[in-house]
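Enquirer: Could you have a look at this structure, given as C-alpha coordinates, before my questions?
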(Lines give C-alpha, C1' and ligand atoms only; values in the text may rest on other atoms or scores of the structure.)
Protein backbone atom coordinates (compact mmCIF):
# COMPACT_ATOMS: atom_id res chain seq x y z
CA UNK A 1 0.00 0.00 0.00
CA UNK A 2 1.40 3.32 -1.03
CA UNK A 3 2.04 6.03 1.52
CA UNK A 4 1.05 9.57 0.64
CA UNK A 5 3.25 12.61 1.28
CA UNK A 6 0.54 14.00 3.56
CA UNK A 7 0.68 10.88 5.67
CA UNK A 8 4.45 11.07 5.99
CA UNK A 9 4.23 14.72 7.00
CA UNK A 10 1.57 13.86 9.56
CA UNK A 11 3.75 11.16 11.06
CA UNK A 12 6.70 13.57 11.22
CA UNK A 13 4.74 16.31 12.97
CA UNK A 14 6.08 17.08 16.45
CA UNK A 15 3.62 16.72 19.31
CA UNK A 16 2.39 20.07 20.62
CA UNK A 17 0.72 18.87 23.77
CA UNK A 18 2.49 19.92 26.95
CA UNK A 19 3.46 17.24 29.45
CA UNK A 20 2.17 17.95 32.90
CA UNK A 21 4.78 18.70 35.49
CA UNK A 22 7.46 19.84 32.99
CA UNK A 23 9.65 22.48 34.72
CA UNK A 24 10.88 24.90 32.05
CA UNK A 25 13.12 26.80 34.47
CA UNK A 26 14.84 23.66 35.67
CA UNK A 27 15.40 22.52 32.10
CA UNK A 28 17.01 25.82 31.17
CA UNK A 29 19.25 25.66 34.22
CA UNK A 30 20.35 22.14 33.25
CA UNK A 31 21.14 23.33 29.73
CA UNK A 32 23.22 26.22 31.10
CA UNK A 33 25.09 23.89 33.45
CA UNK A 34 25.78 21.45 30.62
CA UNK A 35 27.06 24.27 28.41
CA UNK A 36 29.38 25.50 31.15
CA UNK A 37 30.71 21.98 31.73
CA UNK A 38 31.22 21.44 28.02
CA UNK A 39 33.22 24.66 27.59
CA UNK A 40 36.81 23.70 26.71
CA UNK A 41 39.57 24.62 29.12
CA UNK A 42 41.71 27.41 27.62
CA UNK A 43 44.92 26.09 26.11
CA UNK A 44 47.90 27.29 28.20
CA UNK A 45 49.88 28.01 25.03
CA UNK A 46 47.06 30.19 23.70
CA UNK A 47 46.86 32.07 27.01
CA UNK A 48 50.61 32.64 27.02
CA UNK A 49 50.53 33.86 23.41
CA UNK A 50 47.67 36.27 24.13
CA UNK A 51 49.45 37.66 27.19
CA UNK A 52 52.66 38.10 25.19
CA UNK A 53 50.76 40.01 22.50
CA UNK A 54 49.20 42.30 25.10
CA UNK A 55 52.54 42.88 26.79
CA UNK A 56 54.21 43.68 23.46
CA UNK A 57 51.57 46.26 22.57
CA UNK A 58 51.99 47.95 25.95
CA UNK A 59 55.78 47.98 25.64
CA UNK A 60 55.56 49.39 22.10
CA UNK A 61 53.27 52.19 23.22
CA UNK A 62 55.58 52.99 26.12
CA UNK A 63 58.61 53.16 23.81
CA UNK A 64 56.75 55.25 21.21
CA UNK A 65 55.78 57.78 23.90
CA UNK A 66 59.35 58.33 25.08
CA UNK A 67 60.27 62.05 24.96
CA UNK A 68 63.24 61.36 22.68
CA UNK A 69 61.37 59.00 20.31
CA UNK A 70 60.88 61.56 17.55
CA UNK A 71 64.54 62.69 17.71
CA UNK A 72 65.77 59.14 17.12
CA UNK A 73 63.35 58.53 14.23
CA UNK A 74 64.43 61.91 12.82
CA UNK A 75 68.06 60.74 12.80
CA UNK A 76 67.06 57.40 11.29
CA UNK A 77 65.25 59.24 8.50
CA UNK A 78 68.36 61.28 7.66
CA UNK A 79 70.72 58.30 7.49
CA UNK A 80 71.80 57.03 4.05
CA UNK A 81 70.30 53.75 2.90
CA UNK A 82 73.61 51.91 3.24
CA UNK A 83 74.78 52.11 6.87
CA UNK A 84 76.79 49.81 9.09
CA UNK A 85 75.61 48.56 12.46
CA UNK A 86 77.83 51.18 14.11
CA UNK A 87 76.20 53.98 12.10
CA UNK A 88 72.58 52.86 12.55
CA UNK A 89 70.51 54.76 15.10
CA UNK A 90 69.40 51.59 16.86
CA UNK A 91 66.98 53.45 19.12
CA UNK A 92 65.37 54.90 16.01
CA UNK A 93 65.07 51.42 14.49
CA UNK A 94 63.50 50.14 17.71
CA UNK A 95 61.00 53.00 17.90
CA UNK A 96 60.10 52.72 14.20
CA UNK A 97 59.56 48.97 14.63
CA UNK A 98 57.22 49.61 17.56
CA UNK A 99 55.27 52.12 15.46
CA UNK A 100 55.02 49.55 12.65
CA UNK A 101 53.76 46.92 15.08
CA UNK A 102 51.09 49.23 16.49
CA UNK A 103 49.88 50.10 12.98
CA UNK A 104 49.59 46.42 11.98
CA UNK A 105 52.71 46.12 9.81
CA UNK A 106 54.00 43.17 11.82
CA UNK A 107 56.45 41.67 9.31
CA UNK A 108 58.10 45.06 8.81
CA UNK A 109 58.24 45.54 12.58
CA UNK A 110 60.07 42.22 12.90
CA UNK A 111 62.60 43.31 10.25
CA UNK A 112 63.41 46.60 12.02
CA UNK A 113 63.56 44.96 15.44
CA UNK A 114 66.03 42.46 14.00
CA UNK A 115 68.20 45.28 12.67
CA UNK A 116 68.29 46.90 16.10
CA UNK A 117 68.79 43.61 17.94
CA UNK A 118 71.56 42.64 15.53
CA UNK A 119 73.31 45.87 16.51
CA UNK A 120 73.12 44.86 20.17
CA UNK A 121 69.89 46.53 21.31
CA UNK A 122 68.40 44.32 24.02
CA UNK A 123 65.05 46.07 24.16
CA UNK A 124 64.60 45.17 20.47
CA UNK A 125 65.52 41.56 21.28
CA UNK A 126 62.94 41.62 24.06
CA UNK A 127 60.30 42.85 21.62
CA UNK A 128 61.25 40.02 19.25
CA UNK A 129 60.91 37.56 22.13
CA UNK A 130 57.35 38.75 22.79
CA UNK A 131 56.57 38.95 19.06
CA UNK A 132 57.46 35.29 18.45
CA UNK A 133 55.84 34.19 21.70
CA UNK A 134 52.59 35.84 20.58
CA UNK A 135 52.81 33.86 17.32
CA UNK A 136 53.36 30.61 19.20
CA UNK A 137 56.91 30.35 17.85
CA UNK A 138 58.52 29.18 21.07
CA UNK A 139 61.90 28.24 19.60
CA UNK A 140 62.42 31.73 18.14
CA UNK A 141 61.08 33.29 21.33
CA UNK A 142 63.65 31.40 23.42
CA UNK A 143 66.44 32.50 21.08
CA UNK A 144 65.63 36.19 21.50
CA UNK A 145 65.15 35.84 25.25
CA UNK A 146 68.69 34.44 25.35
CA UNK A 147 69.86 37.53 23.46
CA UNK A 148 68.19 39.70 26.11
CA UNK A 149 69.79 37.96 29.07
CA UNK A 150 73.27 37.31 27.67
CA UNK A 151 76.01 39.40 26.11
CA UNK A 152 75.27 40.59 22.57
CA UNK A 153 78.21 41.48 20.32
CA UNK A 154 80.47 41.67 23.41
CA UNK A 155 78.48 44.66 24.64
CA UNK A 156 77.95 45.62 28.25
CA UNK A 157 75.80 43.67 30.69
CA UNK A 158 72.05 43.72 30.09
CA UNK A 159 70.27 46.93 30.98
CA UNK A 160 68.26 45.28 33.75
CA UNK A 161 66.71 48.52 34.97
CA UNK A 162 65.31 49.35 31.54
CA UNK A 163 63.93 45.86 30.95
CA UNK A 164 62.50 45.74 34.46
CA UNK A 165 60.72 49.00 33.73
CA UNK A 166 59.25 47.55 30.54
CA UNK A 167 57.97 44.52 32.43
CA UNK A 168 56.59 46.66 35.28
CA UNK A 169 54.68 48.94 32.91
CA UNK A 170 53.27 45.99 30.96
CA UNK A 171 52.19 44.17 34.12
CA UNK A 172 50.58 47.31 35.59
CA UNK A 173 48.53 48.01 32.50
CA UNK A 174 47.47 44.38 32.11
CA UNK A 175 46.47 44.15 35.79
CA UNK A 176 44.59 47.45 36.05
CA UNK A 177 43.27 47.74 32.50
CA UNK A 178 44.42 51.38 32.43
CA UNK A 179 46.73 52.99 29.92
CA UNK A 180 49.71 55.17 30.72
CA UNK A 181 50.47 55.96 27.11
CA UNK A 182 48.66 56.95 23.95
CA UNK A 183 48.33 54.77 20.85
CA UNK A 184 49.44 56.15 17.47
CA UNK A 185 47.16 58.86 16.15
CA UNK A 186 45.32 58.58 12.86
CA UNK A 187 47.83 60.97 11.33
CA UNK A 188 50.76 58.75 12.30
CA UNK A 189 49.00 55.68 10.98
CA UNK A 190 48.36 57.44 7.67
CA UNK A 191 52.05 58.33 7.36
CA UNK A 192 53.06 54.71 7.94
CA UNK A 193 50.49 53.50 5.40
CA UNK A 194 51.89 56.05 2.92
CA UNK A 195 55.38 54.59 3.35
CA UNK A 196 53.94 51.09 2.99
CA UNK A 197 52.47 51.95 -0.42
CA UNK A 198 55.88 53.18 -1.61
CA UNK A 199 57.53 49.75 -1.33
CA UNK A 200 59.52 48.90 -4.41
CA UNK A 201 59.37 45.70 -6.41
CA UNK A 202 58.36 42.58 -4.52
CA UNK A 203 59.66 43.85 -1.17
CA UNK A 204 57.00 43.61 1.54
CA UNK A 205 58.99 45.52 4.18
CA UNK A 206 58.10 49.12 4.93
CA UNK A 207 61.11 51.24 4.05
CA UNK A 208 62.91 53.53 6.48
CA UNK A 209 60.98 56.55 7.81
CA UNK A 210 61.25 59.86 6.00
CA UNK A 211 61.22 63.42 7.31
CA UNK A 212 57.47 63.73 6.88
CA UNK A 213 56.83 60.84 9.25
CA UNK A 214 59.46 62.11 11.69
CA UNK A 215 57.74 65.51 11.78
CA UNK A 216 54.40 63.85 12.48
CA UNK A 217 55.99 61.90 15.33
CA UNK A 218 57.36 65.16 16.75
CA UNK A 219 53.79 66.48 16.81
CA UNK A 220 52.64 63.28 18.50
CA UNK A 221 55.21 63.45 21.30
CA UNK A 222 54.58 67.17 21.96
CA UNK A 223 50.83 66.79 22.55
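Enquirer: Can you name every residue in the stretch 182-218 that is at pLDDT below 90, surrounded by fewer than 14 Cβ atoms within 10 Å (Cβ to Cβ) and farther than 12 Å from residue 64 by Cβ?
Expert: 186, 187, 197, 198, 199, 200, 201, 202, 203, 204, 207
Enquirer: In the stretch 104-125, which residues are within 13 Å of the chain's Cα centre (by Cα) and either farther than 15 Å from residue 208 by Cβ or free of Cβ contacts under 8 Å to residues at least 24 places away in the same chain (or both)?
Expert: 104, 106, 107, 109, 110
Enquirer: Are there any pairs with C-beta distances below 6 angstrom linking a residue in the stretch 37-59 that is within 30 Å of residue 95 (Cβ to Cβ) to a residue that is surrounded by 10 or more Cβ atoms within 10 Å (Cβ to Cβ) and modelled with pLDDT under 85, with the two at least 6 apart or on different chains, and if so which?
Expert: Partner pairs satisfying both residue conditions: 54/174; 55/170; 58/170; 58/173; 59/166; 59/170.
Every residue, every condition in (1) surrounded by 10 or more Cβ atoms within 10 Å (Cβ to Cβ); (2) at pLDDT below 65; (3) under 20 Å from the mean Cα position of the chain (by Cα), yes or no:
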{"position": "15", "(1), (2), (3)": "no, yes, no"}
{"position": "20", "(1), (2), (3)": "no, yes, no"}
{"position": "35", "(1), (2), (3)": "no, yes, no"}
{"position": "61", "(1), (2), (3)": "yes, no, yes"}
{"position": "64", "(1), (2), (3)": "yes, no, yes"}
{"position": "77", "(1), (2), (3)": "yes, no, no"}
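Enquirer: Here is a further query. Going by the conditions given, is residue 157 at pLDDT 65 or above and out of contact with any strand residue (DSSP E or B) (no Cβ under 8 Å at 6 or more places or on another chain)? Write out each step before concluding.
Expert: Working: at pLDDT 65 or above: no; out of contact with any strand residue (DSSP E or B) (no Cβ under 8 Å at 6 or more places or on another chain): yes.
Criteria not met by residue 157.
Enquirer: Give 128, 166, 145 a once-over and let me know the one that is in contact with a helix residue (DSSP H, G or I) (Cβ under 6 Å, 6 or more places away or on another chain) and modelled with pLDDT of 95 or more.
Expert: Values: 166 fails: modelled with pLDDT of 95 or more; 145 fails: modelled with pLDDT of 95 or more.
Sole residue among the options that is in contact with a helix residue (DSSP H, G or I) (Cβ under 6 Å, 6 or more places away or on another chain) and modelled with pLDDT of 95 or more: 128.
The values are calculated or read from the model by the stated rules, or taken from the named source; none is laboratory data. A quick note: this is a predicted structure, and the numbers were derived from the prediction, not measured. Don't worry about glycine lacking a Cβ; one is built from the backbone with ideal geometry, like all the others, and counts go over all protein chains shown.
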